[in-house]
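Enquirer: Take this structure, written in structure tokens, and hold onto it; I'll ask about it next.
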Amino acid sequence: MSGDLQSWLAGQGRWLPGDALRLAAAASVPLAGAVAGGPSAAAMLLTLGGTMALRFVRAPAALDIAGQLVVLASAWLAVTGAYQVVPGLDTTAHLATGAVLALLARTVLLRLGLLPVTTSRRAAAARALHTVSAVVLLGLLWELGEWAGHAWFSPEIGVGYADTLIDLAADGAGALLAALLAERVTARERLLDAAPLR
């Protein structure tokens, strides 16, 4: 077993600061079902998967906690019907979750060696493009899941042409903002590392 894998497995066995939120996400699955029925419990189960993904990639603590808060809040806003009451809230949630997914996708793609790691502008643009594409693909799968839930399980699951396009655009916009910010932070860190010590 490689040292990296052993280190990862050892890290998974430790209690992390964000694990309390993961317990809240796990408890939210049956609670969402009790509040709003099976489709809401299924959506909350996907949310739990997102919180676990942040753990498995060993996201930095700040990203882990912020990401979990965003996806949990987004899910509970859906369960409680807040999106139908507050105009623009759904779009805001998609912007925020798009940003979280971008940071998660970028981390995973970099660790798998699927993104260039050089410092050129072309490499930075490629990282941003692939990150945003991954998030839009995930958003598309989510929208397909919403359509399937509407068609096969409950007509109360809101779908529509305009809603789907706005959601996907918000996912992409949030992802793009996060990807560009990540590139800026990375470039600044490289500059600081390269600066001579005085």
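Enquirer: What is the one condition in (1) part of a helix (DSSP H, G or I); (2) under 24 Å from residue 82 (Cβ atoms) that residue 103 does not satisfy?
Expert: If we test residue 103 against (1) part of a helix (DSSP H, G or I); (2) under 24 Å from residue 82 (Cβ atoms), just (2) comes out false.
Enquirer: Among the residues of the stretch 77-95, what is the count of those that are assigned to a helix (DSSP H, G or I), of a type outside the set (Val, Ile, Thr) and either modelled with pLDDT under 95 or out of contact with any Ser or Thr (no Cβ under 7 Å at 6 or more places or on another chain) (or both)?
Expert: Looking only at that region, the number is 9.
Enquirer: Checking the conditions here, which among 136, 71, 117 is within 24 Å of residue 58 (Cβ to Cβ), of a type in the set (Val, Ile, Thr) and not in a loop (DSSP other than H, G, I, E, B)?
Expert: Every option except 71 fails the conditions.
Enquirer: Here is a further query. Would you tally the residues in the stretch 144-168 being closer than 17 Å to residue 89 by Cα and within 19 Å of the chain's Cα centre (by Cα)? Break it down stepwise before answering.
Expert: Here is the first cut: in the stretch 144-168, the residues closer than 17 Å to residue 89 by Cα are 157-160, 162-168.
So of that shortlist, the ones also within 19 Å of the chain's Cα centre (by Cα) come out as 164-168.
Within the stretch 144-168, residues that are closer than 17 Å to residue 89 by Cα and within 19 Å of the chain's Cα centre (by Cα) number 5.
Enquirer: State whether one or more residues within the stretch 178-189 are in a helix (DSSP H, G or I), modelled with pLDDT of 85 or more and under 20 Å from residue 90 (Cβ atoms).
Expert: Looking through the stretch 178-189, at least one residue is in a helix (DSSP H, G or I), modelled with pLDDT of 85 or more and under 20 Å from residue 90 (Cβ atoms).
The values are calculated or read from the model by the stated rules, or taken from the named source; none is laboratory data. Because the structure is predicted, anything quoted here is derived from the model rather than measured. Don't worry about glycine lacking a Cβ; one is built from the backbone with ideal geometry, like all the others, and counts go over all protein chains shown.
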